[in-house]
Amino acid sequence: MVARSCLNLLDLVSGDMLNFPQTPRSLPRVMTDPVIVSHGDGKQSNDDYSGVNSSEHRRKIIIVSNSLPVNGKRDKVSGRWCFSYDEDSIFWQLKDGLSPDADVVYVGSLKVDVDASEQDKVSLQLMEEFNCLPTFIPPELYKQFHDGFCKQHLWPLFHYMLPMYPGNQRFDRSQWQAYVSANKIFADKVMEVLNPEDDYVWVHDYHLMVLPTFLRKRCSRVKLGFFLHSPFPSSEIYKTLPVRGEILKALLNADLVGFHTFDYARHFLSCCRRMLGLEHESKRGYIGLEYSGRTIFIKILPAGIHMGRLQSALEHPSSSDKVREIHQQFKGKKLILGVDDMDIFKGVSLKFLAIEQLLQQYPEMQGEITLIQILNPPSSADKDVENAKEEAYITAKKINQRFGSESYQPIIIIDRHVPFYEKAAYYALAECCIVNAVRDGLNLVPYKYTICRQGSSKVDEALEIASDSPRASALVVSEFIGCSPSLSGAIRVNPWDIDAVAEALNLAITMPDGEKQLRHEKHYRYVSSHDVAYWARSFEQDLVFSCKDHYRNRCWGIGFGLNFRILSLSPSFRRLSIDHIVPAYKRSSCRAIFLDYDGTVVPQASIVKAPSPEVISVLNNLCSDVNNTVFIVSGRGKTPLSEWFDQCENLGIAAEHGYFIRWGKHASWQMSHADTDFAWKRIAEPVMKSYMEATDGSSVETKESALVWHYRDADPDFGSWQAMELLDHLENVLANEPVAVKKGQHIIEVKPQGITKGLVAQEVLSTLTKKGKLPDFVLCIGDDRSDEDMFESILTRSYSATSSSAPEIFACTVGQKPSKARYYLDDTMDVMSLLEGLGAASVPKSRYSTEKREVCFENIL
């Protein structure tokens, strides 16, 4: 059953269940001008709208996140609100990497509640002092938005927890409604400070995944990036979300979508392929998705740490004092450090069980090692979190009772707020750091540990070691966290495999010092060079690159609600209307018409591939005009095409991309490459058949001139992978053969070199010219890659200089997509309507015209 979705945003944000602020009722349907958006209420908004004059103000980079990077509290004496930057927030730290030529403005929610009567004053204060614009979402709405949809649906699902798990709520549409309404409020705030001509918008994380649609609806050319800080699940998990399509389409309204790892990006691309039918391509190192004429680029780079923040913590006097204290407290023992937020995915209990296994398997380590587990305070008092915390305490108590003594505890839990300088001290002293999460978006703990193990002058002084002494560290990290791929020197583990984690801890502790130093040096080079400033700078550069074509194309807004998207087309690319083409058709006296078959005159997805009686009638009307030369140019074989068009006396057919050509029903088939050697088939066919047997849903089609492997009915991901592998395989084994290996729409085809639809068009036009019939009207309609050869051929051909003027050329693709054609039609129904209109404008059928047509064919042949 098709998942229920909200196609109309008005229905979504105006429910009776909650009294939330509603979205304005002026939803755009179509942009009727490249710049002006036409709204449902008849009002217009200029796409170049701006609250400021771009010539008088510096460009801005607007950082949009759920929470502003500021801390606030009310002064008890004066009663005034006092704010300060949250230096631990990645959104505050990333500004160090952004262009100094731009002002950074933050949009987000405050972590404190501000009374409605004070909100205007606080907004002004935050904007003037911190460049922050607060959103002030109503408390009940925020609860449903953040604690509801974000934390009960998106966050668990993105961490691979399906709704069937105990305690995980079923999908609640009122919470989805709140999510959309909150995103709308964020969009309103962004618009207050946005100058779309100059500014860039960078949206962060799963709280704001539909925000790109609201912003793109307001400004078709907004320069917009999105970065997801959590994992993106596999398609099998993601597709269980009832609003999966709405969220995917909203993300595709961004220009650049960023992820921490290739796995997360791969899952996103797989969802786009499986649910939206979108393919991605790699272009000179950039991964791009083509969507309605726009290219959405994919960025893969993990965020980093703030080097200055860590180094200042290590140099802090309190840090060196803490180093001395901890060093004295655990003198003679090897410290293993764990630092985790208290939530259900951090694997704290699994970590404790691995320590138990380690002590049991290696008794000599009892009394020698201590795990210091710092538990960061939970962000919410969730029942699952409380249960996980209780389980961790019970497990630790059991292990301490079994292996501990009055003077020794193998596991020490620090369950309080730990100042940053104190954490830095623990990092600097730990022999090994373990991050055992079962799923985590990135996790910066290993990066922080690596930098702190490098030490500082204060730490060296506290430990009484030389400043030039070699540095070492040992990392045990879960393979399910985002930082794992970037730490090639770490020991990667499956946190569910207790024995393997115990062995990894033993290896980390007993590893020779020289190896520890080499691993540490490798990690330190990466972490110190790929800090948060590097990440921000790299994202900004790619965002600028992604938006470079914004003003080259014309844009139209299409679709309702969260299905809204921008159609971006070249200024010279427009819809081919009957009113535009008929006058040229009537003025001409020698016309050449080339029509693709599948996807042009019959729908690509049609089960019945034979032409309908309506198609035959339309083609016969065109062919009956003595001034017309009409060709069906198809990749299909000559036998089915001959049978299907048996009723079309004067229709020319080019089969197998032009290997066979016939000028009419009673004409004989001509071969364009009669002396072709097909020995290559004996090489290619077994290879294709082996892939067919290995790929369920695929098939091999044998033509007289070509071999085709079809995978339209195969699994989309597996079919694409197999297609790329087959393409590479065939190119290798056929490298010395006179053939071309091509990838088309769900096909891999091998055919002789020099056979293209473009050559068909060239041959037909040349033949007409040689016989004194100079074409003054050329129409070519097709829908796939092979038809691009025809478009290029008729557009670049040098027409006879003896003619009084160049012919009127109409190259037309089917579907609104990037093409060499200058015109488009929406679908096969549009194509048939256009051809019917041309048929109606043709010279009326008569016996004289039929006889004259037969004489013309005899002369040509």
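The values are calculated or read from the model by the stated rules, or taken from the named source; none is laboratory data. This structure is a prediction, so every number in the text was calculated from the model and none was measured. Positions of Cβ are backbone-derived with ideal geometry, glycine not excepted, and every protein chain shown enters the neighbour counts. Accessible surface is based on the protein model in full, side chains and every heavy atom, while ligands, DNA and RNA are left aside. Shrake-Rupley method; radii C 1.70, N 1.55, O 1.52, S 1.80 Å.
Points to keep in mind about this one:
- Scanning region 110-127 for residues that are in a helix (DSSP H, G or I) and more than 36 Å from the chain's Cα centre (by Cα) returns A116, S117, E118, Q119, D120, K121, V122, L124, Q125.
- Criterion: open to solvent by 60 Å² or more (accessible area, probe 1.4 Å), in a helix (DSSP H, G or I) and assigned by the TED database to the domain that holds L335 - qualifying residue of R525, R537: R525
- All positions within region 692-708 that are among the polar types (S, T, N, Q) and out of contact with any helix residue (DSSP H, G or I) (no Cβ under 7 Å at 6 or more places or on another chain): T702
- Test: residue in region 536-544 that is in contact with a helix residue (DSSP H, G or I) (Cβ under 8 Å, 6 or more places away or on another chain), in contact (Cβ under 8 Å) with a residue 40 or more places away in the chain and hydrophobic (A, V, I, L, M, F, W, C): yes
- Selection of region 457-498 for residues being hydroxyl-bearing (S, T, Y), assigned to a loop (DSSP other than H, G, I, E, B) and out of contact with any Phe, Trp or Tyr (no Cβ under 9 Å at 6 or more places or on another chain) yields S467, S469.
So that you can scan it fast, the table gives a plain yes or no per residue for (1) of a type in the set (S, T, N, Q); (2) in contact (Cβ under 8 Å) with a residue 40 or more places away in the chain; (3) closer than 23 Å to I781 by Cβ:
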{"position": "K638", "(1), (2), (3)": "no, yes, yes"}
{"position": "W644", "(1), (2), (3)": "no, no, yes"}
{"position": "H657", "(1), (2), (3)": "no, yes, yes"}
{"position": "S672", "(1), (2), (3)": "yes, yes, yes"}
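- Conditions (1) under 30 Å from C483 (Cα atoms); (2) modelled with pLDDT under 95; number of the one not met by P231: (2)
- Region 558-597, residues that are in a strand (DSSP E or B) and crowded, with 20+ Cβ neighbours inside 10 Å: R565, I566, L567, S568, L569, R591, A592, I593, F594, L595
- Screening N732 with (1) in a helix (DSSP H, G or I); (2) under 30 Å from F268 (Cβ atoms) gives one miss only, at (2).
- Qualifying positions in region 63-87 - loosely packed, with under 11 Cβ neighbours inside 10 Å and of a type in the set (G, A, S): S78, G79
- Residue in region 674-682 that is within 30 Å of C271 (Cα to Cα), out of contact with any Phe, Trp or Tyr (no Cβ under 7 Å at 6 or more places or on another chain) and at pLDDT 90 or above present: no
- Among the residues listed as Y238, Y200, the single one being under 24 Å from D384 (Cα atoms), buried (at least 19 other Cβ atoms within 10 Å of the Cβ) and either at pLDDT below 95 or of a type outside the set (G, A, S) (or both): Y238
- For region 694-719, the candidate set comprises residues that are small (G, A, S) and crowded, with 18+ Cβ neighbours inside 10 Å; within that set, the residue that is nearest to the chain's Cα centre (by Cα) is G719.
- Residue check, P807 at pLDDT below 90 and open to solvent by less than 40 Å² (accessible area, probe 1.4 Å): yes
- The set of residues in region 648-693 being more than 25 Å from V741 (Cβ to Cβ), touching a Lys or Arg at 6+ places or on another chain (Cβ under 9 Å) and open to solvent by 10 Å² or more (accessible area, probe 1.4 Å) consists of E649, N650, R662, S668, W669, Q670.
- Filtered residues of region 780-790 (kept if more than 8 Å from G758 (Cβ to Cβ) and in a helix (DSSP H, G or I)): R785, S786, D787, E788
- For region 99-109, the count of residues that are more than 29 Å from Q311 (Cα to Cα) and either of a type outside the set (A, V, I, L, M) or in contact with a His (Cβ under 6 Å, 6 or more places away or on another chain) (or both) is at least one.
- Subset of region 183-197 [over 15 Å from I61 (Cα atoms) and open to solvent by 20 Å² or more (accessible area, probe 1.4 Å)]: I185, D188
- Any chance N400 is open to solvent by 40 Å² or more (accessible area, probe 1.4 Å), among the polar types (S, T, N, Q) and assigned to a helix (DSSP H, G or I): no
- Test result for L215, open to solvent by less than 10 Å² (accessible area, probe 1.4 Å), out of contact with any helix residue (DSSP H, G or I) (no Cβ under 6 Å at 6 or more places or on another chain) and modelled with pLDDT of 95 or more: no
- Criterion (exposed (fewer than 15 other Cβ atoms within 10 Å of the Cβ), touching a residue at least 40 places away in the same chain (Cβ under 8 Å) and not polar (S, T, N, Q)) met by exactly one of D531, D499: D499
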